[in-house]
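The values are calculated or read from the model by the stated rules, or taken from the named source; none is laboratory data. No experiment lies behind these values; they were computed from the predicted model shown. No Cβ is skipped: glycine too gets one built from the backbone with ideal geometry, and neighbour counts run over all protein chains shown. With ligands, DNA and RNA removed, areas are computed over all heavy atoms of the protein, side chains included. Shrake-Rupley method; radii C 1.70, N 1.55, O 1.52, S 1.80 Å.
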Amino acid sequence: MQPLYEGKAKRLYATEDPNVLRMEYKDDATAFNALKKAQFENKGRMNKAITLLIYKMLEAKGVTTHLVGDIDDINLTVKKVSILPLEVIVRNIAAGSFSKRMGVAEGTKFTKPIVEFSYKDDALGDPFINDDYARELGAGSEEDCEYLRQQAKIVNEVLIDFFKQVGLTLVDFKIEFGRLAEDPTKIVLADEISPDTCRLWDIETGAKMDKDRFRQDLGNVMEAYEEVLKRLQENS
Ligand code: UDP
């Protein structure tokens with residue numbers, strides 16, 4: 001079966017329901033705008049399982065997501081959406097591109113979370129934008145941006161607590177949103193939430209438990225993902 005769409009980490013397939021797609025999680029890993037590539041056995045399985053746990057928990061807390069159901073090790077069913085071309089990034093602690101751009105030491109805690117937007121465009125390198133850019137680029141209206149910011153803050157509060165319960169600090173993360181095919185007036189949380197899209201530091205040791213292990217060649221990448229999954233499963 002041919003996918004309708006293939007991204008860097010997932011493939012999307014049609015189902016018999018025109019408003020529902022099958023999302024397959026791949027073992028491919030990319031970093032630095034796909035300049036660095038690798039394959040990790042079981043990454044798809046772990047990211048699927050972690051996303052499923054997190055989405056179920058977020059739904060229980062009142063956050064609407066595109067999740068429909070679980071199929072198998074690497075596949076979920078999700079509502080068909082049109083993804084807004086915005087990456088919504090929430091930061092609790094300085095790291096990654098924030099530290100690099102702003103010259104702020106990694107690990108510096110913010111007084112309040114930072115919410116920022118990037119324009120999803122690989123050719124442009126996903127540049128940093130604000131609400132005015134989003135409006136003029138047709139990426140999202142002012143109301144849409146306000147809604148995304150508000151949802152992102154709620155997701156952050158829920159996730160901080162969720163990860164804290166399993167001994168992990170949520171440093172930052174990226175989420176995406178989509179308009180439902182069946183009702184484009186509704187915007188829901190879509191895409192994945194996993195160690196590929198979050199920075200997670202072990203509270204006791206400070207160890208990085210996320211894709212920075214791949215970005216920075218720290219080794220034991222899948223061991224860290226497995227540990228995150230194990231802790232979340234034991235706590236659920
Ligand atoms: N992130 C992501 N996809 C991207 C860019 C960022 O999932 O295309 C996540 C990243 O894993 C981190 C957070 O968003 O948890 C903030 O990333 P940052 O802007 O610091 O960029 P990076 O250091 O990854 O280039």
Most positive-pole-ward Cα, THR108, ILE83, ALA139, against dipole of segment 79-225 from beta carbon charges: THR108
If you find the alpha carbon centre of segment 85-106 and of segment 200-223, how far apart are they in angstrom? 17
Take the alpha carbon gyration tensor of segment 98-191, find the square roots of its eigenvalues, order them as a ≥ b ≥ c, and report rounded if a/c is under 1.5; if not, report prolate when a/b exceeds b/c, else oblate. oblate
What percentage of the solvent-accessible surface of the chain, computed with a 1.4 Å probe over protein heavy atoms, is contributed by carbon and sulfur atoms? 50
Rounded, prolate or oblate, given the Cα gyration tensor of the chain, with a/c below 1.5 counting as rounded? rounded
Report PHE98's accessible area, 1.4 Å probe, all protein chains in place, as a number in Å² to the nearest 10. 30
Tell me, what is the per residue accessible area of the chain in Å², probe radius 1.4 Å? 49
Residue-wise, which Karplus ³J(HN,Hα) couplings in Hz belong to segment 59-75, taking 6.51 cos²θ - 1.76 cosθ + 1.60, θ = phi - 60°, and x for glycine or proline? 4, 4, 8, x, 8, 7, 10, 8, 5, 10, x, 9, 10, 8, 3, 10, 10
Using a 1.4 Å probe on heavy atoms of the protein chains only, the accessible area for VAL104 in Å², nearest 10, reads 50
To the nearest 10 square angstrom, how much accessible area does LEU4 have with a 1.4 angstrom probe? 110
Estimated [θ] at 222 nm from DSSP helical runs (n ≥ 4, -39500 (n - 2.57)) normalised by residues in the chain, nearest 500: -10000 deg cm²/dmol
